[in-house]
Structure formats: structure tokens, C-alpha cells
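Heads up: the structure comes next, in C-alpha cells.
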Amino acid sequence: DTAVSQTPKYLVTQMGNDKSIKCEQNLGHDTMYWYKQDSKKFLKIMFSYNNKELIINETVPNRFSPKSPDKAHLNLHINSLELGDSAVYFCASSQVGRAREAFFGQGTRLTVV
Amino acid sequence: AQSVSQHNHHVILSEAASLELGCNYSYGGTVNLFWYVQYPGQHLQLLLKYFSGDPLVKGIKGFEAEFIKSKFSFNLRKPSVQWSDTAEYFCAVNAPHLDDKIIFGKGTRLHILP
């Protein structure tokens, strides 16, 4: 049983298209995140949701819009895709508590051509 | 705001060598500290974590890390590495009284020669 699952695993699309990545966690966690990992492996936090409420919104273009229909899901919608959006996007979840370790999904490798 | 520095970008070792990867963070309050590993083509997995108590933390696969508050450090160690330890290693910090962010360092690529 996968704790944090993302779909799709690979996504190849043309510039200008709109695409979505879905994420679901079955850990009962209250916080979910989206991270972007670039070609140099640098992991940058994009968004954080706590109980469906947006908590953290880093300096991400507003073409990126997260949506959390419920506590277990955090989807990422990207409008007007650009070449620079090519990266691996990781969803993660964690729980408020003494040690907020994050559990990561398998990642979605997005390639914009 | 908190930040994390990993000093070694790329480390190459032979099997059985000892390993120490440096990690420093920049927040003066209470912190939770983590080391994650990312094997080639895979997602991040937790190696170990510190949130309180004994500053010497033992993790999976023979890894350990020591929290030194006075030095704002959380270095990762392993006495004898194996070829299968080849991976990217990330140090991360969370300031639980500040926000929900888990901030990652830029990673250290470890290459073990067989």
C-alpha cells in the first residue's frame, strides 16, 4: 500500500499546454507539500497545505495552482507550460507533531518540449 | 527564516571508507533535523531524524548523525560505506514553532567506487 502516491509518473507535453499532477496520501497526515527538483537535484518547496488550507506559497509563478479537495489530496495544476517548468515534482505529506518528517511520493518527471 | 548548507557537493569514496557529510542550518530556535537519501531514479527516503533527546541519532543502513547545537550542525556519518550507498543525500530542517516548512539543503552526491 503506497503511502504517498502521485500520478502520472512521467509527463511529456508541449509548451503552452495546461497539465495537472495528482497526489494522494493515506497516512492520515494533516499537511501536504509540493516540491520541485531541478536538473541539479536542488529541492525547492513550492506549496504547503494544512487541512486543505494554503499555508506556504513560495515565489512560484501564478501559473501553478495547487488544489486540495480534502485532507488526503493535493493536486497541482500548471497553466501555459514553459520549457523551464521541466523538472521532477514531488508531493510529500507530514503530520504536526514533535518531528515533522516528510513522506515523499515517487515523483512526476515533467518534460516540456 | 531557516536555511540549510551542505558543504560537499560531490563526494567520491572507495568501498569500506568512512563517510562524513557536513550539514549546517541557520535557525537559532528549536529545530527538527533530517537526513534523506535519494537513490538514482527514486524518491526521497528518510535515513534518520532528530527532534529531541540524545544528540547522536542512529538511522537505517548503518548511518548516524550528531546534532551539535553550538555549531548549528547535523553531520551524517557512516564508518564503512558500500557500493549500494551511491546516492544523493539531503539534509533538511524544520522549525516547528515557526512554520510547516521543511527546508532542504542542495544535496551531496555520493559516489562509491567498487
P(r) of chain A over all Cα-Cα pairs, 5 Å bins starting at 0, rounded to whole percent, reads 2, 13, 24, 26, 19, 10, 4, 1, 0
In Å², rounded to a whole number, the accessible area per residue of the range A:4-112 with probe 1.4 Å is 47 Å²
Farthest towards the positive end of the dipole of chain A, among A:54, A:16, A:87 and with Cβ unit charges of +1 on Lys and Arg and -1 on Asp and Glu, lies the Cα of A:87
Computed curve, the range B:20-114, Cα-only Debye sum without solvent term, log₁₀ I(q)/I(0) at 0.16 Å⁻¹, is -0.63
Given all pairs of distinct Cα atoms, the protein assembly as shown yields a Kirkwood Rh in Å of 18.1 Å
Result for interface chain B to chain A, accessible surface buried in total, 1.4 Å probe, Å² to 100, stands at 2000 Å²
Looking only at lysines whose Cα falls under 28 Å of residue A:40's and that sit 8 or more positions away or on another chain, we get A:9, A:19, A:22, A:67, B:49, B:61, B:71, B:78, B:101, B:106
So, with points 7 Å from each Cα along the Cβ direction, the residue B:11-residue B:58 label distance in nm works out to 2.0 nm
Expressed in angstrom, Rg and Dmax over the Cα atoms of the range B:59-100 are 13.2, 39
If every Lys and Arg gets +1 and every Asp and Glu gets -1 at its Cβ, then about the Cα centre the range A:4-112 yields a dipole, in debye to the nearest 20, of 200 debye
Working note, the range A:1-45: Cα radius of gyration (Å, one decimal) and Dmax (Å, whole number) are 13.0, 36
Highest mean packing first, using Cβ neighbours within 10 angstrom, the peptides A:18-29, A:60-71 sort as A:18-29, A:60-71
Between residue A:27 and residue A:51, the two model label points (7 Å from Cα along the beta-carbon direction) sit apart by a distance in nm of 1.9 nm
With the 1.4 Å probe rolled over protein heavy atoms, the range B:1-102 has an accessible area per residue in Å² of 46 Å²
Note on chain B: contact order normalised by length, alpha-carbon pairs under 8 Å, 6 or more apart, percent, works out to 38 percent
The percentage of the accessible area of the protein assembly as shown (probe 1.4 Å, all protein chains present) made up of carbon and sulfur atoms, to the nearest whole number, is 51 percent
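The values are calculated or read from the model by the stated rules, or taken from the named source; none is laboratory data. Keep in mind the model is a prediction, meaning the values are calculated, not measured. Note that each Cβ is placed from the backbone with ideal geometry, even for glycine, and that neighbours are counted across all protein chains shown. What goes into the accessible areas is simple: the full protein's heavy atoms, side chains included, and nothing from ligands, DNA or RNA. Shrake-Rupley method; radii C 1.70, N 1.55, O 1.52, S 1.80 Å.
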